[in-house]
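The values are calculated or read from the model by the stated rules, or taken from the named source; none is laboratory data. Note that the coordinates shown come from a computational prediction; the quantities given were computed from them, not determined experimentally. Please note: Cβ atoms are built from the backbone with ideal geometry, for glycine as well, and neighbour counts cover all protein chains shown. In case anyone asks, the SASA skips ligands and DNA or RNA and just uses the protein heavy atoms, side chains included. Shrake-Rupley method; radii C 1.70, N 1.55, O 1.52, S 1.80 Å.
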Amino acid sequence: MNRRGKIRIGVFALAAVTVLGAGLTMRTMQAQESETTLSYVYQRAVNDLSGYVSGMEAALEKVRYANTATAQTSLAAQLLEESSGAKAALAVLPTSGENSGNINRFLSQAGDYASYLSRRLAAGSTLGEEEFDNLTTLRKYAETLSEELQKLEERFRYGKVTMREARSTLQNVSEVLPAYGGELEESASAFGEYPTLIYDGPFSDHISQRTAKATRDMKRLGQGTTQKTAAKFLGIEASQLEAVTDTGGGLPCYNFTSGDIRISMTKDGGLLCTLSNSRTISENKLSQEQALEKAKSFLKKAGIESTKESYYVVADGVCTFNFAWVETTSTGESITCYPDLIKVGVAMDNGEIVSYNASGYLMNHQERSFDDIQVSAKKARESVSPRLKIQKDPTLALIPTPGLSEVLCWEFVCKGEDGEDILVYVNVETGMEDRIYELIESDQGTLAI
């Protein structure tokens, strides 16, 4: 073979190696991409599973203290919905073996038991000690599972779980759980079909057609006028604000920006709707009490004074307070109107207002006439579960329904059997429980679930 032939063979060999190497690299990259995509799918499924189980735990906690069929049926329906969602999320994960089956069995029987309770209540029966004991068993298991799933969720979030580990992660979680043998009996055969519930639900057509009630009779103002008002709130010149795209819909607003600040003013009446300042907050120097005074002072500046603070959350150096409008009746009774919600965020380094949202107040605030209360506070106490200890005298509160209508209730602040803080709302017309919330205390503040 001459020299030219040897060179040609060498070139072909090198080209072949290059092509093979490129193909191998491409397949490796595709495999890595597939692995990354699948890891994201698993992460989303774990997040969903954790959220649904947490919802199950909340429903099971509340149903222990529900004392009327209406509230018990509503919570049983919530439990069924959450357990169904949890089963769907679990099905996405690459689980196998006895441990994952253990979790699936728990989710299935929790849903079955919720259906059983709903049919029992629909047939006119009441829940006895056996049912409450079973619900307590379910709650304890859900609590343990929820804690372990939250740990797993954190591992996924910070990249500590790869796809190769995913097949064993849920098994590792369930190893810490007690055996769930399915001791709850399903005796639904004695009851008829679960009735269809017709209710004022969150997907009603009228919700999308709502317009702001607080501004509906106010005069439409020009952009220049509201820009001057916005500048006064910020303590700057109107020329320092730049007009951006308006907001339409049921609460039309003019929007302005200035650096990191964005402010929205209603076109009707020129009221402050929202404010946000995304600046970096250095450190927490203020106490919660000092921050509250800053928030109240700003509300007065916005022309809203008859309010009551409820709960707060501290996150990223901002203390956000929830305020509700307080209505005083002709007889001197105070009614906390929770639909008229205002959120005020205070920077904990210097007390500056860095967030404000009055859209709930603007959409719902109106002149209200309250009819005679048909159920007295004394009578309403009878609807509060004997498992709860009432902490103080009840007060009147207006609360929103899922369909955004309103219902007047007696608000009871209670303690549960395990020291939980529970709020119970009893309808002043029917004397039935309308809502039950559990208050969760944390380092960041108080939340109602």
Under Karplus coefficients 6.51, -1.76 and 1.60, residue-wise ³J(HN,Hα) of segment 419-434 in Hz, glycine/proline x: x, 5, 8, 10, 10, 10, 10, 10, 4, 6, 9, 9, x, 9, 5, 9
Cα gyration tensor category, rounded, prolate or oblate, for segment 258-361 with a/c compared to 1.5: oblate
Rg(Cα) / (2.2 N^0.38 Å) computed for segment 306-449, rounded to two decimals: 1.12
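FRET efficiency for S108 and K389, Cβ-Cβ distance as r, R0 = 41 Å, nearest 0.05?
Between S108 and K389 the formula returns 0.75.
Compute the accessible area per residue over segment 313-428, keeping the other protein chains in place, probe 1.4 Å, unit Å². List each step's numbers first, then the result.
Numbers: 5000 Å² over 116 residues.
That works out to 43 Å² for each residue.
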Filter on K151/K392; K228/K308; K228/K300; K232/K294 - keep pairs with C-alpha separation over 26 Å: K151/K392; K228/K308
Nearest-0.05 FRET efficiency for E417 and S376, computed from C-beta distance (R0 25 Å): 0.40
Full-extension gain in nm, D316 to A88, via 0.36 nm per residue minus C-alpha separation: 78.7 nm
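Find the all-direction average of the projected area of the Cα convex hull for segment 214-314, expressing the result in square nanometres with one decimal place.
One quarter of the hull surface, i.e. the mean projection, equals 7.7 nm².
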Segment K219-E441, length gained on full extension (0.36 nm per residue, minus Cα span): 75.6 nm
Karplus-derived HN-Hα couplings along segment 311-318 (A = 6.51, B = -1.76, C = 1.60, θ = phi - 60°), whole Hz, x at Gly and Pro: 10, 9, 9, 10, 8, 6, x, 10
Relative contact order, percent, segment 309-446 [alpha-carbon distance under 8 Å, six or more residues apart]: 20 percent
Label-reachable residues, segment 396-439, where backbone N falls under 16 Å from a point 7 Å from Q150's Cα toward its Cβ: 420-421, 438-439
Contour excess over end-to-end distance, with Cα ends at A448 and K140 and 0.36 nm allotted per residue: 108.9 nm
For segment 267-280, 3J(HN,Hα) per residue [Karplus equation, 6.51 cos²θ - 1.76 cosθ + 1.60, θ = phi - 60°, Hz, x = Gly/Pro]: 5, 8, x, x, 8, 5, 9, 9, 8, 9, 9, 8, 5, 6
